[in-house]
Amino acid sequence: MPVTASSPSRPPAPRVLLIRRRYLGDIVLLGSVLRNLRLHWPHAHLVVLTEAAYAGILALNPDVDAALTFPRGAAGWPGFLGSLRRARFTHVLDFDNTDKTALVSRLSGADVRVTFDRELIKFRHASFYTHRATVTNAFYDSHHITETYLALLTSIDVPVASREVRLLPRPEDVAFAQKLAPAGDRRILVHPGSRSPYRVWPPAHFAAVCDRLQNELGAQVALVAGPAELPLVGEIHSRAKRAPAIIDQALTVAQLAALLAQFELFLCHDSGPMHIAAAVGTPVVALFGSQNATIWRPPGSPHTVLQTSLPCACLGADAPGPCVKGDSYRSYCVRKISEAEVFAAVASRMG
């Protein structure tokens, strides 16, 4: 039997764990990192660890192989840590650097563990990591958040070849969403809610714009809301002279993504659904208050961000309560955006 030279053994494909606890938009925007990891290591096993409430969106990212969720209570941690070790991760990218995520990074046993060293923010447990990505405050404030995310890749010599953030709705969710979306080819979906009540544009303004979109553009306008936002949607509906449709059915994040893909435009605040819409390819008109739009605007194009000039002139007696300067979650700046500005931005996008 002839002796043949053995081929060099192929190095094992990297097993990469990305840690980002929350929120919905932040998890969606990890897509740029995942895309570059997949391009660099086509056969890598890519896993994202997040809180259970946000894990559903990961099934729509074609670069994600699996999702892990943090244990809900102390009793779940021994089993979680055991499975973490058995996963034999080679790399951990920690986007949070909290006490908890630093410990998970260290206990993973990965040879490469990287996190951010952010200026003005305490760097936790430096000895738990093998690499750090230094990010100055000036850089963070002047770049989109995806550029900060991608700094973790640069620190471990993974090239940045793409800035794409994409989600692909599943066929079963698309079939479900098509039954909810109105008929027509000039469909506009409006999500008037926000995680912060300070960031909500007034219902009367939404109602007036919905009327103009339907009367002047012939658009088919629908309102979408979660359970906590139904009173807000009800007020818009009652104030409108030509009441828009309401989609008030409870939706999973996967179903919401599919629904967003059915519309020609999405009108919303700075929010998780805003980033989902952009990732499925739906143009966005987003209303921002005092939050940094450079960091948090929807990536890619074509999207429009409307924001009052900052620093915002106080609304004074017209504000429903006191603003907290420097806290974008407790600022009413979004109310400085006029109905005319919003209508013009949507009309421009609709052509």
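Size descriptors for the stretch 15-155: radius of gyration and Dmax over Cα atoms are 14.3, 42 Å. Of the peptides 65-77, 261-273, 296-308, the order by per-residue mean of other Cβ atoms within 10 Å, starting with the highest, comes out as 261-273, 296-308, 65-77.
Label positions at Val112 and Asn137, each projected 7 Å from the Cα along the C-beta direction, are separated by 3.2 nm. Relative to the longest principal axis of the Cα atoms of the chain, the long axis of helix 171-180 lies at roughly 10 degrees. Look at the alpha carbon pairs under 8 Å that are at least 6 residues apart: their mean separation over the length of the stretch 15-155 gives a relative contact order of 22 percent. Note on Lys122: lysines with a C-alpha under 20 Å away, same-chain residues under 8 apart excluded, are Lys100. Taking all Cα pairs closer than 8 Å and separated by 6 or more residues, the relative contact order of the stretch 171-350 comes to 25 percent. Just to verify a number: FRET efficiency for Ala344 and Arg170, C-beta to C-beta distance, R0 = 30 Å, to 0.05? Efficiency computed from Cβ-Cβ geometry: 0.25. Relative to the dominant Cα principal axis of the chain, helix 77-86 is inclined by about 60°.
Please give the FRET efficiency for Trp77 paired with Tyr329, using the beta carbon to beta carbon distance and R0 = 30 Å, rounded to the nearest 0.05.
On the way: r = 30 Å, r/R0 = 1.01.
Plugging the Cβ-Cβ distance into 1/(1 + (r/R0)^6) gives 0.50.
Within the straight-line cut-off of under 16 Å between alpha carbons, the lysines reachable from Lys325 are Lys336, sequence neighbours fewer than 8 places apart in one chain being disregarded.
Of the peptides 21-29, 138-146, 196-204, 311-319, the ranking by mean beta-carbon count within 10 Å, highest at the top, reads 21-29, 196-204, 138-146, 311-319.
Dividing the radius of gyration of the alpha carbons in the chain by their Kirkwood radius gives 1.03 for Rg/Rh. Placing a label point 7 Å from the Cα of His125 along the Cα-to-Cβ line, the residues of the stretch 32-65 whose backbone N sits under 17 Å from it are 49-51. Between helix 203-217 and the chain there is an angle of about 80 degrees, using the helix long axis and the longest principal axis of the Cα atoms.
Taking 0.36 nm per residue of separation and subtracting the current Cα-Cα distance, fully stretching the chain between Ala13 and Ala53 would add 11.4 nm.
Here's the list of lysines a cross-link from Lys179 could span, going by alpha-carbon distance under 30 Å and ignoring same-chain residues fewer than 8 apart: Lys241. Scanning the chain for cysteines with no neighbouring cysteine C-beta under 4.7 angstrom from their C-beta gives Cys210, Cys268, Cys314, Cys323.
No value in this document is a laboratory result; all are computed from the given coordinates. Owing to the predicted nature of the structure, the values given are computational and were not obtained by experimental measurement. With ideal geometry, Cβ positions are generated from the backbone for all residues, glycine too; neighbour counts draw on all protein chains shown.
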